[in-house]
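The values are calculated or read from the model by the stated rules, or taken from the named source; none is laboratory data. The shown structure was predicted, so the numbers you read here are calculated from the model rather than taken from an experiment. Cβ coordinates were reconstructed from backbone atoms using ideal geometry, including for glycine residues, and neighbour counts include every protein chain displayed. Calculation scope for accessible area: heavy atoms of the full protein, side chains included, ligands and nucleic acids excluded. Shrake-Rupley method; radii C 1.70, N 1.55, O 1.52, S 1.80 Å.
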Amino acid sequence: MSEKEDALTKTYDLILWLFPQISKFPRDYRYILGNRIENGLLDVMEQLIEARYTRDKAGLLQSANLALEKLRYLVRLAKDLKLFNTKKYEYISREINQTGIYVGAWLKKVKSTG
């Protein structure tokens, strides 16, 4: 698998795992913080899909990297609010970081090829 398939697969799998977890948030947080996390992940997935099929990959990949950084903070906030236990937080963080590594490698490859 290439970086693009790895990044997209990681994002897709994280969405499948995380959305049911977010649905368990208390109502006060589900519609504010939960929606932000869900929309952030969907945005990353859409940017990665667009990057596969457009010429301006670098801009989209940089946007995806920025969105991943925002997600790191939103997930950390959810953990600090006790919406995720430590084990779930560690898993989510690891998956976001791995996705970031794949996106970074893809971006580096795009920049080096012109």
Within segment 85-113, the residues that are at pLDDT 95 or above, in a helix (DSSP H, G or I), open to solvent by 80 Å² or more (accessible area, probe 1.4 Å) and among the polar types (S, T, N, Q) are 86
Matching residues in segment 58-84 (open to solvent by 50 Å² or more (accessible area, probe 1.4 Å), in contact with a helix residue (DSSP H, G or I) (Cβ under 9 Å, 6 or more places away or on another chain) and among the hydrophobic types (A, V, I, L, M, F, W, C)) number 2
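For residue 52, are the conditions met, namely being over 10 Å from the mean Cα position of the chain (by Cα), part of a helix (DSSP H, G or I) and closer than 16 Å to residue 42 by Cα? Spell out the reasoning first.
Values: over 10 Å from the mean Cα position of the chain (by Cα): yes; part of a helix (DSSP H, G or I): yes; closer than 16 Å to residue 42 by Cα: yes.
When the stated conditions are applied, residue 52 passes them.
Would you point out the residue of segment 28-57, among those that are of a type in the set (Asp, Glu) and at pLDDT 95 or above, that is least open to solvent (accessible area, probe 1.4 Å)?
To start, the set of residues in segment 28-57 that are of a type in the set (Asp, Glu) comprises 28, 38, 43, 46, 50, 56.
When the remaining residues are screened for being at pLDDT 95 or above, the result is 38, 43, 46, 50.
Numbers: 38: 39, 43: 74, 46: 98, 50: 93 Å².
Here the answer is 38.
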In segment 44-75, anything farther than 10 Å from residue 11 by Cβ and in contact (Cβ under 8 Å) with a residue 40 or more places away in the chain is listed as 51, 52, 57, 58, 61, 62, 65, 74
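Between 10, 79, 70, 24, which is outside any helix (DSSP H, G or I) and either modelled with pLDDT of 95 or more or closer than 17 Å to residue 91 by Cβ (or both)?
The unique qualifying residue is 24.
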